[in-house]
Amino acid sequence: MNETNYQHWQLEIDSDGVAWATLDKAGESANSLSRAVMDELGQLLDQLDTYRPKGLIIRSGKAAGFIAGADIQEFTQLDTPEKGLELVSRGWHLFNRLAGVGYPTLALVRGHCLGGGLELALACRYLLAVDEPGTRMGLPEVMLGIFPGWGGMLRLPERIGPQAALDMMLTGKTMDAVRAKRMGLADECVPPRVMDSAAKILLLSNAPRRPLPFLQRLLNGPLKGIVAAGARKQVAKRAQPAHYPAPYAIIDIWARHHGNALAAPALIDGIVRSPTARNLVRVFFLQERLKGFGKSEEANAFRAQRVHVVGAGVMGGDIAAWCAQRGLTVTLEDRGMERIAPALKRAHAGFAKRIRDKAKLRAVMDRLIPDPQGDGAAQADVVIEAIFENLEAKHALFRRLDAVMKPDAVLATNTSSLRLEDLRSVLANPARLVGIHFFNPVAKMPLVEIVSAAGTDPEMARRAAVFVKQIDRLPLPVKSAPGFLVNAVLGPYMLAALRAVDEGIAPETVDEAMLAFGMPMGPIELVDMVGLDVAMAAGKALTGAEAEPPRCLLERFNAGHLGKKTGKGFYDHGSGKPAKAAAGSVPPGLAERLLKPLLERTQQLVRDGVVADADLADAGVIFGTGFAPFTGGPLNYLQHGEK
C-alpha cells in the first residue's frame, strides 16, 4: 500500500500487517531530515492513523546509512528568531507524535545514524542496530554549535543514563552497534543478513525495553543537579562559554527543562543564530569541500589496495599504521628489522587502545608487514617516501623506486622542507611525483596537504587526494612552496611567541593568551611538541638563514633540551604532560600581536596562489593547526572578528 505519492518515503504494508517506511531522499546520496522529508513523515503518520498497522519499521533506502542528521543547509537560513524556534518546534512535536503512536515502532539502523537521525530512532519504541563497520550512532550537534533539540536531550538520558548521554552530547562522540547494545541504546545488535527478520520479530514481540538502573533513574531525576555540576566542570576545562555556548545550553536544557528547548525560547535564539553556530556550520561546509577533492565517481575509479611506506621513523611508521588501520595492506621499509620493530611496537600499542577484539587486532597487525628489502614497492598502488630530509638520499631512493613501481601507481613524498622540483629531477617521468604531507600525530591530525609543482601530472594529484579521502583524512591541494600552507603560517606565529619570551614574558603567559583566544594549545607548548630542533630548522627555512633565532630557543637547543622528545624544553615533560607555573596576567593585546603574522602570512599565501582561495586557506589552517574553529578560520576572523 502506498496510496499517497511520497517523494522521499516509500510505505508498504506486508502480509502480517507490519508497515515498512523506507526513507530514500530524492536526489541525494545520503538521507537528511529536511523540511520536505519531515513534512512527508507527518503525512505518513496521518496515513497510518487511518490504516493502523500491527507495527511500523523505519529504515533507510540508502547504501550510505540510516540518516546523517538534519539538513545543514537549512541552518544557514535562520535569519530571524522565529525561524530558529520553528525549526526546533518542527522536530520536537513530530518526534513526540511518533513516540506516542498506539502501535509498536522500530528504527532499523544500518550505517550512520547521527543527530536528528538518532533523535528519530530514539522516538521509536525499539532500536535495532546492524553490526557492520559503518554503523555509528551519536548526537554531534555540539560540533555545529547547536544542541539536539528534537528530543535527544530528553530521550538519550532515559535510554543510557544521564552521564553517558551528556558525554555523547557534549563531545559529539559516536558509538558502534556493539557498544550501543551494551549501553542500552540499541535493543538488539544483529548481522546484516538477518536484519529484516530480526527487526520484525523484535517489533512484534512486545518485549519490554531494558529498564534504566535505579541509580541512573535517580541521577536523571532528583539528583540531576549533581550530574549537571560535574558536567559543567568538565566542559569548562575545554570550552569557554563565550566561545562555545552550546555545551552549557545542553546541560541547562536537560537539567532545568527536561530536555525541552522550547521551554527556553530565548536560549534557542541565543544558540542557533549565534556567531559560533554560524562559523561552525561554515567549518562543516569547508570540511565537506575538502572531502570533495577525494571523491571519485567514475566506474573504474582509483582505489588503493596496497601501500608501501619507506622510512619507519615516527612519521613513516605512523602513516603505515594509520593506513593498515583503515583496511589497506601496508609494507613498511627501512634499513633492517631493528629500525622497523619500534614502529610495529608503537602501532600495536596504538591499535590495542582502540581495538578490544583480539582477532580484529591480530587482523590489523597482519596488514602491517615489515619489508626491509623493499619488495612491496613493486605491487603497491601508493608509495610514500618518509625518510630523513636529505636531497641526495631521497634521489637515490627515487631512482630505485622508479625502476620497480607500477607505471600508474602514485609516488609521493612526505617532505615538509624540500622542493618537489628538486626531488623529482631523477625520475624518468618527473610529473608523477606528488607531495602527500601528513601532520604529527598522524592518528589525530585530520588534514593532509596534496602538493603539486609546476608540471605535476593532475591525474596523480587527483589519485593522491582520492587515497587520502579513502583513509579518512581531509585532502587539501597546495602548490609547492616553502612550508606549503600549514607550516608556512605556523612558522611566523611560533616565532612571534618566542620573541615575546625573549622580551621577558613567561612562556605560560604567552600560552595563556592564545588559550584564552580559543586555540587548543599555546604556541610555546606547540614548539615543545614539534621539537626545538625542528623549530630551529623550520625557522631558517621560513624566515631566512640570516635571521637571528630567538635567544630562548637557541639556549635550550644548545643545552640539548629539544622539547617533549627529550623530556624537557620550555616545560618539563617528565610526567607526560608539560609542567607549567601559574600564567599570571596577560598583557593587553598580546593575543592580537601573536596572531598578526599568522593572519598576514595566510593572506599572502592566498595572493601567491599556494592555496586556491580564502575558504580553503581557512579550512587548511583550522584542520591543520587547530585554529579556533568558533572563528570560522583566520581569514574569516580577520573579516568579521567575533561579531
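Among residues belonging to the range 1-58 that are loosely packed, with under 15 Cβ neighbours inside 10 Å and of a type in the set (Lys, Arg), point out the one that is nearest to residue 114 (Cα to Cα). Once the filter is applied, the top-ranked residue is 35.
I'd like to know if the range 122-130 contains one or more residues that are out of contact with any strand residue (DSSP E or B) (no Cβ under 7 Å at 6 or more places or on another chain) and surrounded by fewer than 22 Cβ atoms within 10 Å (Cβ to Cβ). No, that holds for no residue. In the range 222-235, the residues that are in contact (Cβ under 8 Å) with a residue 12 or more places away in the chain form Cβ pairs under 8 Å with partners that are of a type in the set (Gly, Ala, Ser), at six or more places apart or across chains, as follows: 224/255; 225/255; 227/255; 228/255. The residue that is farthest from residue 238 (Cα to Cα), among those in the range 259-269 that are in a helix (DSSP H, G or I) and of a type in the set (Gly, Ala, Ser), is 263. Of the residues making up the range 594-614, at least one is crowded, with 20+ Cβ neighbours inside 10 Å and farther than 21 Å from residue 283 by Cα.
Answer yes or no: is there a residue in the range 133-155 that is of a type outside the set (A, V, I, L, M, F, W, C) and over 21 Å from residue 32 (Cβ atoms). Walk me through it before giving the result.
Residues of the range 133-155 that are of a type outside the set (A, V, I, L, M, F, W, C), as a first pass: 133-136, 138, 140-141, 145, 148-149, 151-152, 155.
Then keep just the ones that are over 21 Å from residue 32 (Cβ atoms); that gives 133.
Yes, the range 133-155 contains a residue that is of a type outside the set (A, V, I, L, M, F, W, C) and over 21 Å from residue 32 (Cβ atoms).
Does residue 292 meet the test of being surrounded by fewer than 18 Cβ atoms within 10 Å (Cβ to Cβ) and in the same structural domain as residue 403 (by TED's automatic domain parsing)? So residue 292 does not fit the description; no.
Rundown of residues vs (1) part of a strand (DSSP E or B); (2) of a type outside the set (Phe, Trp, Tyr); (3) touching an Asp or Glu at 6+ places or on another chain (Cβ under 7 Å); (4) in contact (Cβ under 8 Å) with a residue 40 or more places away in the chain, yes/no style:
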position	(1), (2), (3), (4)
117	no, yes, no, yes
156	no, yes, no, no
159	no, yes, no, yes
166	no, yes, no, yes
175	yes, yes, no, no
182	no, yes, no, no
186	no, yes, no, yes
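Out of all the residues in the range 176-183, is one or more surrounded by 22 or more Cβ atoms within 10 Å (Cβ to Cβ) and at pLDDT 95 or above?
Within the range 176-183, one or more residues are surrounded by 22 or more Cβ atoms within 10 Å (Cβ to Cβ) and at pLDDT 95 or above.
Confirm whether residue 237 is of a type in the set (Lys, Arg) and either more than 31 Å from the chain's Cα centre (by Cα) or modelled with pLDDT of 95 or more (or both). So residue 237 fails the test. Looking across the range 119-134 at every residue that is free of Cβ contacts under 8 Å to residues at least 60 places away in the same chain and part of a loop (DSSP other than H, G, I, E, B), the one that is nearest to the chain's Cα centre (by Cα) is identified as 133. Here the range 382-421 is the region considered, the condition is being β-branched (Val, Ile, Thr) and at pLDDT 95 or above, and the residue that is farthest from residue 309 (Cα to Cα) is 404. Just one of (1) under 21 Å from residue 617 (Cα atoms); (2) crowded, with 24+ Cβ neighbours inside 10 Å; (3) not basic (Lys, Arg) fails for residue 472. It is (2).
The values are calculated or read from the model by the stated rules, or taken from the named source; none is laboratory data. None of the values given here were measured: they were computed from a predicted structure. Note that we place each Cβ from the backbone using ideal geometry, even for glycine, and neighbour counts take in every protein chain shown.
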